[in-house]
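In what follows, a single structure is set out as structure tokens and then discussed.
Every read-out reported here was derived from the displayed coordinates using simple, explicitly stated rules and does not represent laboratory data. All figures in this text were calculated on a predicted structure; none of them were measured in a lab. FYI the Cβ positions are ideal-geometry reconstructions off the backbone, even for glycines, and counts take in every protein chain you see.
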Amino acid sequence: MHKKLYAVPVLIILLFLSLVFVSGFSSRGGGAITITNKISDDLYAFGNSVQLLEDVEQDFITAGGNINVQANVGQDLIASGGMLDITGNIGDDARIAGGIVNINSDISDDLVVAGGRVTIGKDATIGGDLVITGGILNIEGQVKDRVFATGGNVVIAGQIGKDVRVDQVDSLTVSSSASIGGNLSYSSMQPASIAEGAEISGQLDFEQIEKERTLREKTRIGAPFAIFTATYIGGKILSFISLFVLGILLILAVPRVFEKFSQRLRISLGNSVGAGAIAFFGVPLAVLVVFIISIFFMVTVIGSGIGLLLMGLNLMLTIAYFILIYLSTIFLAYLLGKSIFSRSSINLDLYGWKVLAYLVGLAIISIAFAIPFIGWLARIAAIMFGLGGLFLVIKDWLAGLSNKA
């Protein structure tokens, strides 16, 4: 039971990685994407907003800021984004992750969904199991098999065909309109609020969670996706998904920066590594030195203002340093994937192919980072390459501004 919950992120990312092995498909990429023609095979679409208005006969894989699926999908739906509204029918499984997720459709088999706020609407029908996790979860539709849920606040107001298992939640509410065909098992700090008229055919099993333990776990986890981050694998997969979504948005927003980064590493690899090493080791040393100087000024009455100014600048430098380290993985993954596809006939000028190249590169880098001991060496090397390339791109940009002035 618990294994199925922990498998949520694994299933999502394995299905994303299956993109690499699909041969026949259509792709769309850009800012705002609207699909108005019927697609007879698989469809991949990535952009700021994605709207599906015509049917896809096979799988539909999409990621973006706003995703609206109004038409039917013949096989699997795999979607990740900020806000998702799913009203079209799904012929097989659905794997969905996002900030706000609204589902009002017929899904023939299982639904695996994670989000900050997830609503399974009254018009929704899940033909298989529902595996759901997030901050606020509302289950108002029909689930023909089992429900596995974890998160913050869970409300069950629909019809569940079999057992319901709710783990590690702040609160559970079972509305008067709810009908559970099997057992209801849950663990929470407090007993569930079960309205009069709610139907529970099986046994009711409640496990009390100590308040101190729950608060401590929340402090350690620090996010509504507790079931994800509670495990090492879950944390890694969440990091992968975050990098993937951020990367596809950056590829859309600043494609020239990615091209300049690739050019820099190709024509001056040695300089990039050198710049990366200097930045990787030099910036923390500079932060330490400036911190000591700012403390020295702050203990003096005359220099207290200068000390506060230096402290603020030091904080900004530290934040910028870690942001660049984080971004360096994205740019390096894109370069790696682009290098792999460069020998093929794929047109990497198209946004959809750029996203696919980035996904392949990110998967390779993530696997390399996960190897014990060697992973840390690979991570340091990747940071030096990526950080150095970004610093040289910034240097070229500043030099261009200076020449224009």
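Need the C-alpha centroid separation for segment 118-164 versus segment 97-115, integer Å.
Computed from Cα coordinates, the inter-centre distance equals 10 Å.
Show which aspartates and glutamates lie in cross-link reach of LYS354 when reach means a straight Cα distance below 18 angstrom and same-chain residues fewer than eight apart are skipped.
Here the aspartates and glutamates satisfying the reach criterion relative to LYS354 are ASP42, GLU259.
Would you kindly derive the ³J(HN,Hα) couplings of segment 322-327 from the backbone phi angles with the Karplus curve 6.51 cos²θ - 1.76 cosθ + 1.60 (θ = phi - 60°), listing them in order in whole Hz, with x for Gly and Pro?
6, 5, 5, 4, 5, 5
Show me the trypsin sites (Lys or Arg not before Pro) within segment 323-389 that DSSP assigns to loop and that have at most 15 other Cβ atoms within 10 Å of their Cβ. Show your work: numbers first, answer last.
Details: sites: LYS338, ARG343, LYS354, ARG379; in loops: ARG343.
Sparse-neighbourhood loop trypsin sites (Lys or Arg not before Pro): ARG343.
Pull up all non-local amide H partners of LEU43: gap of 5 or more, or a different chain, and H-to-H distance under 5 Å with H placed in the peptide plane.
Long-range HN contacts for LEU43: SER26, ASP59, PHE60, ILE61.
What order do you get for 315-324, 361-370, 394-403 when each peptide is scored by the mean count of other beta carbon atoms within 10 Å, highest first? Kindly include the intermediate steps, with their values, before the conclusion.
Numbers: 315-324: 12.7, 361-370: 18.4, 394-403: 10.6.
Listed from highest to lowest mean packing, they are 361-370, 315-324, 394-403.
Sum up the charges of everything whose Cβ sits under 13 Å from the Cβ of ILE100, counting Lys and Arg as +1 and Asp and Glu as -1, but leave ILE100 out. Display every interim value, and only then the final one.
Numbers: positive: ARG117; negative: ASP85.
The answer is 0.
Does segment 119-200 come out rounded, prolate or oblate by the C-alpha gyration tensor, with a ≥ b ≥ c the root eigenvalues, rounded set by a/c under 1.5 and, if not, prolate when a/b is larger than b/c and oblate if not?
rounded
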